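Enquirer: Let me begin by handing over the structure; questions about it come next.
The values are calculated or read from the model by the stated rules, or taken from the named source; none is laboratory data. Given the structure is predicted, the values throughout are model-derived calculations rather than measurements. Neighbour counts run over all protein chains shown; Cβ positions are idealised from the backbone, glycine included. SASA here: full protein model, heavy atoms, side chains in, ligands and nucleic acids out. Shrake-Rupley method; radii C 1.70, N 1.55, O 1.52, S 1.80 Å.
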Amino acid sequence: MSDGRALARQYLEQQRLLGGDAVILSDSRTVAQSDSDDTPAIVGRVLASARRPRSDRPTVRPSDPGVRPSDASLPPPGISCDPPSADLFAADPVSQAGTLQAVAALVAACTKCRLCAGRTNTVPGEGPDDARLVVIGEGPGRVEDETGRPFVGKAGELLTKILGAIELPRERVFICNVVKCRPPENRLPQYDEIAACLPYLHRQLELLKPKVILAMGGTAAQTLLDTKQSLGALRNRVHRFRGIPVIVTYHPAALLRNPNWKRPTWDDVRIARRLLD
Ligand code: URA
Ligand code: SF4
């Protein structure tokens, strides 16, 4: 692939992850033209739309001299999602699981969706059962599948650094994913896989009762808040899941590809930190 096409593809991918408007090219020749000198124009348009100023820019600006975090106001409220809590009298074993370990044991034996076929290990999540912050990602990757632990690959290293930056050692945080088995080739989990796995996450949150939830990436945010809104639209709001504040930010894997998003992610995690204090 030529450099121009690679660049165009990279920006289109950024646009998708940012949750910007769909970019529809009018005919196939437009794409072919991206091999030619037209590429910068196409990329320029995509970039211009990705950079469109949002009225809901973060209100916390860490570099503003004289603005201490406590001075900054919190972002406005967003979605409130209140799925029914587990019925303790139900026969369903997930609702009956009384500890995080019991949930993990159910996950380890689970065959409720096709992802069980390709897994080496289930990755239920890990962290103390009195964690005040819960971080939710999308699903295990290769290293996670090999080890049975969440966020231990490259993206995980970055997550550990991000948590360190807000003075939260990762050992004090409960870290988990929407789906507990690795999707093949790290593809997005499909709707029915998410639906099959969601009771485990809901039960984990019910047992943990965290003070704040950090949803990393579109899959975590959209699943938790039961919405199709884009990541871009969901950032900079304090959403609620059963009353617990939910902050939405980029997925660390997206940050590895787009270091420009580290700054907005930093803004988001500082908001989560302030909600914890
Ligand atoms: N990405 C995720 O969403 N979760 C992990 O556990 C690792 C990478
Ligand atoms: Fe079960 Fe979830 Fe694994 Fe699917 S992804 S098999 S629902 S634990």
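Enquirer: What are the ³J(HN,Hα) couplings of the stretch 201-207, residue after residue, when phi is run through the Karplus curve with 6.51, -1.76, 1.60 and θ = phi - 60°? Round to Hz, x for glycine and proline.
Expert: The phi angles translate into 5, 4, 5, 4, 5, 5, 6 Hz.
Enquirer: Provide the packing ranking of 137-145, 232-240, i.e. peptides ordered by the mean count of other C-beta atoms within 10 Å per residue, highest first.
Expert: Final packing ranking: 137-145, 232-240.
Enquirer: Given H placed on each backbone N at 1.01 Å, which residues far from Gly78 in sequence or on other chains put an amide H within less than 5 Å of it?
Expert: Here the answer is Val238, His239, Arg240, since their amide H atoms fall under 5 Å of that of Gly78.
Enquirer: Note the full-extension length gain between Ser85 and Glu206 as 0.36 nm times their separation in residues minus their Cα-Cα distance, in nm to one decimal.
Expert: Full extension from Ser85 to Glu206 adds 42.8 nm.
Enquirer: Let me ask another. Normalised by the residues of the stretch 124-212, what does the relative contact order come to in percent, with Cα pairs under 8 Å and at least six apart? If you can, show how the numbers build up before the last one.
Expert: Values: 129 pairs, mean separation 38.4, N = 89.
Computed over the stretch 124-212, the figure is 43 percent.
Enquirer: Still on this structure: Please compute the modelled spin-label separation between Ala102 and Glu157, points set 7 Å along Cα→Cβ, answer in nm with one decimal.
Expert: Going from the Glu157 label point to the Ala102 one covers 3.9 nm.
Enquirer: Relative to the present Cα-Cα distance, how much length would full extension add between Asp130 and Asp277 at 0.36 nm per residue of separation?
Expert: Numbers: separation 147, 0.36 × 147 = 52.92 nm, distance 1.54 nm.
Working it through step by step, the gained length comes to 51.4 nm.
Enquirer: Convert each backbone phi in the stretch 194-199 into a coupling constant with the Karplus relation 6.51 cos²θ - 1.76 cosθ + 1.60 (shift: θ = phi - 60°), then list the ³J(HN,Hα) values in order as whole Hz, x for Gly and Pro.
Expert: 4, 4, 5, 8, 4, x
Enquirer: Turning to a different aspect of this structure: Using modelled amide H (1.01 Å from N, peptide plane; none on Pro or chain starts), what sits under 5 Å from the amide H of Ile244, excluding residues fewer than 5 places away?
Expert: Long-range HN contacts for Ile244: none found.
Enquirer: Same structure again: List, in order, the whole-Hz ³J(HN,Hα) value for each residue of the stretch 99-108 obtained from phi through the Karplus relation with A = 6.51, B = -1.76, C = 1.60 and θ = phi - 60°; use x for Gly and Pro.
Expert: 9, 5, 5, 5, 5, 4, 5, 5, 4, 4
Enquirer: I would also like to ask the following. Working with all protein chains in place, sort Trp261, Trp266 by solvent-accessible area computed with a 1.4 Å probe, largest first.
Expert: If we order Trp261, Trp266 from most to least accessible, we get Trp266, Trp261.
Enquirer: So how do 106-114, 249-257, 215-223, 183-191 stack up, highest first, on mean other-Cβ count within 10 Å? Walk me through the numbers before you get to the answer.
Expert: Numbers: 106-114: 15.4, 249-257: 21.1, 215-223: 25.1, 183-191: 13.1.
Packing proxy ranking, top to bottom: 215-223, 249-257, 106-114, 183-191.
Enquirer: Right, something else. For the stretch 172-277, what's the relative contact order in percent, using C-alpha pairs closer than 8 Å and at least 6 residues apart? Spell out each step's value before the answer.
Expert: Values: 105 pairs, mean separation 24.9, N = 106.
24 percent.
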